[in-house]
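Down below is the structure, laid out as structure tokens.
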Amino acid sequence: MSENTYRFDTLKVRAAYNSEEHNHAVSVPIYQTASYDLGGTARAERLFRFEEPGWRYSRGSNPTVGVLEQRAAALDGASGGIALASGMAAITYTLLNLAENGGRILSTPWLYGGTADGFKKIFPRLGIHVDLAEDLSDLDALETLIQPDTKGLFIESVSNPNGVVADIEALARIAHRHGIPLVVDNTFATPYLLRPIEYGADIVIYSATKALSGHGNLIAGIVLESGKFPWDNGKFPQFMEKQYTLRNMDGEPRNSLEVFPNTPFTFRIRTDYLSYTGATLGPFEAYLALVGIETLSERVRKQVSNTKIIVEYLLGNEYVEWVKYPSLPDSPYYKLAQKYLPLGAGAIFSFGFKGDEKQIEAFIDSVRLFSYHVNVGDARSLIVNSPKTTHGELTPDEQRIAHIEPNLIRLSIGLEDPSDLIEDLDQAFAAVFGKKPDVRKTSAWE
Ligand code: PLP
């Protein structure tokens, strides 16, 4: 048996770690060191010429972080990856690596607010313009937005906050027809529920801050690559550019494709962007993420099961206008959820509060068990009024286009007993409306 044949649940606790190489430590050690002995000038030369794997300086790579990178790659079926200091760093380095010479990225309005605002504000200042396709169900219209200088298609597989599910296979086909990669932010789904590379995605991004690590105790990002995209297709001259820093033992400059043909994208992020702008993940955060990933399946399974119970409670609730959860048969994304998320559409969803702004505020101020947080994917259940917080950067018009209604409340369901969560929501509704809600029994899942 080899690691290549291990299944997901084995890989999440075992992949990319051999205790014999680490003083037989059972738990991945935290290599809390800035630098590494180069072991002589001959070895240093081989390390710096990428002829021998090894560690030089923790700004660029670190053994604890390395296990996280390779374990995450194993879970997603990726050829390799890089872990960074945040999900935003992962998104930023990906876009810069794709379109650093100036160019366009095609995306959609269904994004985390920070991503959407960065696309609008920061990247245009750097010569990268982001076009938005405003109807994901009209793929022909989306394709017409791809221009000669478009360098990538960027989507969230399950969008923040309202669970728009992307048709990854169809979008990958479109992207590839135009010689550009499909980049998928898979933060909400996690590799347990969805592995985008299996459907043709080229780059997968995580805010590992969220359900991947799952305990709300770190900030981290990951970029993974399929290893299949033809970066030498003429659209990405930066991957062909020979660099002196990548020279071989004979001093001949090479490009990133020549040095690491299976992982040129993340290798280039490491040698160019991480090395010179330094959004480095610390080994302690990497360790926490590794411990979190060990229980990824178990956590997400229980969180999806809790979510279904809370969704059902809210669907029949007299104080709730609507519930958006893609696994519901009357969701416009039900078919896509069936295809891409057969184990469930995750533990984050939104509902429409039947009340005015003051009542929404009173409701949020009244919950006692749910935490009022902007994070998601925590072991604890979280509540947030997204239009004012996580998506508060968007103008009312941009919120309308992204289908973020003013009465939207986002929940991220944790690992508590669902009856306690329902009792908490019951008492918060009662604090606003003077009595607990009547909750009609629904057959939500039929
Ligand atoms: N992607 C998604 C879908 C997110 O929800 C977030 C944060 O909320 C990010 C990326 C950014 O990640 P981080 O907060 O780790 O920088």
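Some notes on this structure:
- The angle separating the long axis of helix 113-125 from the principal Cα axis of greatest extent in the chain is about 40 degrees.
- Taking the Cα centre of segment 3-292 as reference, the dipole from Cβ charges on Lys and Arg (+1) and Asp and Glu (-1) amounts to some 560 debye.
- For Gly227, the residues 5 or more places off, or on other chains, whose built amide H falls under 5 Å of its own are Ser79.
- Cross-link partners of Lys210 among lysines, defined as those whose alpha carbon lies under 28 angstrom from its own and excluding same-chain residues fewer than eight positions apart: Lys12, Lys120, Lys121, Lys151, Lys228, Lys302, Lys308, Lys324, Lys335, Lys339, Lys388.
- Binned Cα-Cα distances of the chain, short to long, each 10 Å bin given as a whole percent: 4, 21, 30, 25, 13, 5, 1, 0
- Available extension along the chain between Lys242 and Arg56 is 64.7 nm, counting 0.36 nm per residue and deducting the alpha carbon span.
- On Cα atoms only, tilt of 283-293 relative to the major axis of the chain in degrees: 50 degrees
- Arranged from fewest to most other beta-carbon atoms within 10 Å of their beta carbon, Phe154, Phe260 become Phe260, Phe154.
- A P(r) calculated from all alpha carbon pairs of segment 262-390, with 10 Å bins opening at zero, reads 10, 29, 29, 21, 10, 1 percent.
- Once the mean of 1/r is taken over each pair of separate Cα atoms and inverted, segment 235-290 shows a Kirkwood hydrodynamic radius of 12.7 Å.
- Lys/Arg +1, Asp/Glu -1 at C-beta; the chain dipole; positive extreme among Ser419, Phe123, Gly355: Phe123
- Distance between the C-alpha centres of segment 386-409 and segment 42-66: 45 Å, rounded to the whole angstrom.
- Of all DSSP beta bridges in the chain, antiparallel share, percent nearest 5: 60 percent
- Amide H contacts of Val130 (H built 1.01 Å from N, under 5 Å, at least 5 apart or other chain): Ile105
- As a proxy for reagent exposure, Leu193, Leu246 were ordered by neighbouring Cβ count within 10 angstrom, fewest first; the result is Leu246, Leu193.
- Fewest-first sequence of Leu171, Leu281 by Cβ atoms within 10 Å of each Cβ: Leu171, Leu281
- The alpha-carbon positions of segment 194-275 define a convex hull whose volume is 109 Å³ per residue.
- Cross-link partners for Lys235 among the aspartates and glutamates, with Cα-Cα distance under 13 Å and sequence neighbours closer than 8 places in the same chain left out: Glu100, Asp149.
- Local net charge near Arg104, Cβ-Cβ under 15 Å (Lys/Arg +1, Asp/Glu -1): 0
- Taking the longest Cα principal axis of the chain as reference, the axis of helix 63-76 is set at about 60 degrees.
- Between Leu153, Leu182, Leu145, the residue with the greatest mean-square fluctuation in the GNM of the chain (Cα pairs under 10 Å linked by springs) is Leu145.
- Within segment 195-236, backbone nitrogen closer than 11 Å to the virtual label 7 Å beyond the Cα of Glu3 toward Cβ: none
Just so you know, all these numbers are worked out from the coordinates, no wet-lab data involved. What you see is a predicted model; the values in this text were computed from it and never measured. In this analysis, Cβ positions are derived from the backbone assuming ideal geometry, glycine residues included, and neighbour counts consider all displayed protein chains.
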